[in-house]
Every structure is written in structure tokens, then in C-alpha cells.
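Data first, discussion second: the structure below is written as C-alpha cells.
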Amino acid sequence: MTTTPTPTGRTDALTRREQILKEAARLFAERGFHGVGVDEIGAAVGISGPGLYRHFPGKDAMLAELLVGISERLLDGGRLRVAESDGDPRAVLGSLIDGHIDFALDDRPLITLHDRELDRLKDEDRKRVRQLQRQYVELWVAVVRDLYPAAGEYEVRAGVHAVFGLLNSTPHLGAPLGRTEMERLLRSLAHGAFGALGRPGA
């Protein structure tokens, strides 16, 4: 079966390795990294715990691939959205917001993992995540700066981080709305936050 890449780097079908990572992310987010055993992850994808070692050397490697991988995917997806745009910063920003909303709704366990388990990564992997995240922030900052040239550098950066915080709050919502309603709400809040940069006295 041929899989089709999307702007966020996804494909239509998951490989066994991707299935393992998806279930590991879910279990780690639900019970914590140390609260989940290899056997449980294996059972979630229908293979023996020891069978996981054909794909990963251990849980540490799964966590590293999850957190480094999502950082790479966000950055690559953002760059693709900018490259495919017609140069209109408002349209580019809208596309970046839509892409991050997809991440926030589809990958909630990874947001939880980042918040709780990033410090468990080896120094090299943690530095890689931070490096990728800085590049992703700079991608957004450049677009927002083009759209709101009168806004100060601090305001632009604060706006970008505020929107990330807003969109990444999805795992903490007690009673989530339907997908369409959540997309609409998050999109409205994000555009509203950035829109404040263009108002006098903001």
C-alpha cells in the first residue's frame, strides 16, 4: 500500500514501528514513563514485549524518538507551509495556525509527554529538541513580524509563545468539543491573540 505524505509529515497508514510509538505515547502520557512496562506497550500493538526490541533498544529510545520526532515534524511541516504559500503573510500565518491546531488535536499525548518527560531525555536528545523548537519559533516570528511590522520584537515573540501556550493547552481541557468546534475555537483564539498586535496601544 502506498502512503501519501501530508504537510505535517504524516502518512495514510502506520508502520509497525509507528504503531509502537503511538501506543507508547498514549501509555506514557496516561501513566508516566516509569509507570509503563515494555510488555504493556507490546500488548497494545499485539506483539510480545521482547519483540519490541527488534524495533527499539528500550523505552528511552522510544521517548527520544517521540519527542525529537514531533519537533522535527512540526518544523518540517511549518517550512513546507511557508514554501508553498503565495507570500501573503496573513495566509502563511493562517496555514501555520491550522497546522499547529492539527498537531494539538491529533497528538495530545505528545504535548503531555513534552511537559512531563523532556528532562528524562539524554542531554544530546534534549538539546536537539530545544534546537528544533527554537527554529520553529523563529519561523513563526518571521511571519508575524512581516504581518505586523509596527509591533515590537518583544510583542511579536510574546504573541507567538502565547499562541503556542493556548494551542498546546488541549490536553488539559476537561470536556472537549467536537473536532470541528475545537478547530474553530482554537483558530479564533489564535487569530485574536495575533490581531491584538495590530491594534493601537497593544
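The values are calculated or read from the model by the stated rules, or taken from the named source; none is laboratory data. Because the structure is a prediction, the values reported are computed rather than measured. Every residue, glycine as well, gets a Cβ built from its backbone with ideal geometry; the counts of neighbours run over all protein chains shown. In case anyone asks, the SASA skips ligands and DNA or RNA and just uses the protein heavy atoms, side chains included. Shrake-Rupley method; radii C 1.70, N 1.55, O 1.52, S 1.80 Å.
Below is a table of values for the structure above.
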{"item": "Residue check, GLU124 open to solvent by 60 Å² or more (accessible area, probe 1.4 Å) and out of contact with any Leu (no Cβ under 6 Å at 6 or more places or on another chain)", "result": "yes"}
{"item": "Some residue of the stretch 55-74 being within 19 Å of LEU21 (Cβ to Cβ), touching a Ser or Thr at 6+ places or on another chain (Cβ under 6 Å) and open to solvent by less than 30 Å² (accessible area, probe 1.4 Å)", "result": "no"}
{"item": "Qualifying residue in the stretch 85-95 (condition: open to solvent by 60 Å² or more (accessible area, probe 1.4 Å), farther than 14 Å from TYR136 by Cβ and of a type in the set (A, V, I, L, M))", "result": "no"}
{"item": "Qualifying residue in the stretch 99-119 (condition: farther than 22 Å from LEU66 by Cα, surrounded by 14 or more Cβ atoms within 10 Å (Cβ to Cβ) and under 17 Å from the mean Cα position of the chain (by Cα))", "result": "no"}
{"item": "Candidate set: the stretch 148-195, residues that are surrounded by 15 or more Cβ atoms within 10 Å (Cβ to Cβ), farther than 21 Å from ASP102 by Cβ and aliphatic (A, V, I, L, M); chosen: the one modelled with the highest pLDDT", "result": "VAL156"}
